[in-house]
Amino acid sequence: MNNDRILLLGEPGLRVACAPVSDPAGPGFAGERERLVAALERFRVEHGFGRGIAAPQIGIPRRLIALHLGGRTRVLGNPEIVWHSEETFTLWDDCMSFPELLVRVRRFASVTVVFYDEKGHPERWERLAPAEAELLQHEIDHLDGTLAVDRALDNRSLVWRTAFEQHREHFRKMVDRL
């Protein structure tokens, strides 16, 4: 069992601009993919939430993300946003690297993403719905060393999860989507 720990806010590894995966069908990709999926699954069991994780969050400086969508986990190699809507929305974002903090951010309502799948085949997800679009934007930001706290809208845009849960209606009114 691999015990890759998730890096926390402030650790330098989270600010690395990641290198592309050179051989998405190669054995190195498979090993890193397994570590990433295991870290996501472990976090989901321990914390009860988590839809995605980026490789730098466990110290792998590669352009890989794992997403738990539709009841299964997928790994995307070299994901890239190739289109985004003009429409945006605000939401309270959270992150495995600071699980007790929520950050109010603005994201594009829809994106199109190209990437390599688990077998090294190119794929394209067109005009994603807001929930998937914001998740992909968050995870791809990680690959460039950008964190949700960097995208905070203003000085009232950071809140502890416990305060958020106690005053959910107050904080819900501050965003377009919860």
Using beta carbons and a limit of 7 Å, which pairs, at least six apart or on different chains, have the first residue in segment 150-178 and within 21 Å of residue 138 (Cβ to Cβ) and the second one in a strand (DSSP E or B) and of a type in the set (S, T, N, Q)? 153/90; 175/90; 176/90
Return the residues of segment 134-162 that are assigned to a helix (DSSP H, G or I) and over 24 Å from residue 58 (Cβ atoms); say none if nothing qualifies. 162
Filter segment 1-22 for residues that are under 19 Å from residue 140 (Cα atoms) and of a type outside the set (A, V, I, L, M); which is surrounded by the most Cβ atoms within 10 Å (Cβ to Cβ)? 18
Determine, yes or no, whether residue 74 is more than 17 Å from residue 119 (Cα to Cα), open to solvent by 10 Å² or more (accessible area, probe 1.4 Å) and either of a type in the set (Lys, Arg) or in contact with a Cys (Cβ under 9 Å, 6 or more places away or on another chain) (or both). no
Members of segment 164-178 found to be surrounded by fewer than 14 Cβ atoms within 10 Å (Cβ to Cβ), modelled with pLDDT of 95 or more and not in a loop (DSSP other than H, G, I, E, B), listed by number: 165, 166, 168, 169, 170, 172
Mind listing just one residue for me: the one in segment 77-106 that is touching a residue at least 24 places away in the same chain (Cβ under 8 Å) and charged (D, E, K, R) and, of those, surrounded by the most Cβ atoms within 10 Å (Cβ to Cβ)? 93
All positions within segment 61-71 that are surrounded by fewer than 20 Cβ atoms within 10 Å (Cβ to Cβ) and in a loop (DSSP other than H, G, I, E, B): 61, 70, 71
The residue that is farthest from residue 61 (Cα to Cα), considering only those in segment 1-47 that are in a loop (DSSP other than H, G, I, E, B) and of a type in the set (Val, Ile, Thr), is 6
For segment 107-116, indicate whether the set of residues that are open to solvent by 40 Å² or more (accessible area, probe 1.4 Å), touching a Gly at 6+ places or on another chain (Cβ under 9 Å), farther than 30 Å from residue 168 by Cα and of a type outside the set (A, V, I, L, M, F, W, C) is non-empty. yes
Given the conditions (1) touching a Cys at 6+ places or on another chain (Cβ under 6 Å); (2) crowded, with 19+ Cβ neighbours inside 10 Å, report the number of the one that residue 53 does not fulfil. (1)
Does residue 106 count as touching a strand residue (DSSP E or B) at 6+ places or on another chain (Cβ under 8 Å) and modelled with pLDDT under 95? no
Options 152, 133: the member that is within 14 Å of the chain's Cα centre (by Cα) and not aromatic (Phe, Trp, Tyr): 133
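The values are calculated or read from the model by the stated rules, or taken from the named source; none is laboratory data. These numbers were taken from a predicted model, which means no experiment stands behind them. All Cβ positions, glycine included, derive from the backbone under ideal geometry; neighbour counts span all protein chains shown. Side chains included, ligands, DNA and RNA excluded: accessible areas come from the protein's heavy atoms. Shrake-Rupley method; radii C 1.70, N 1.55, O 1.52, S 1.80 Å.
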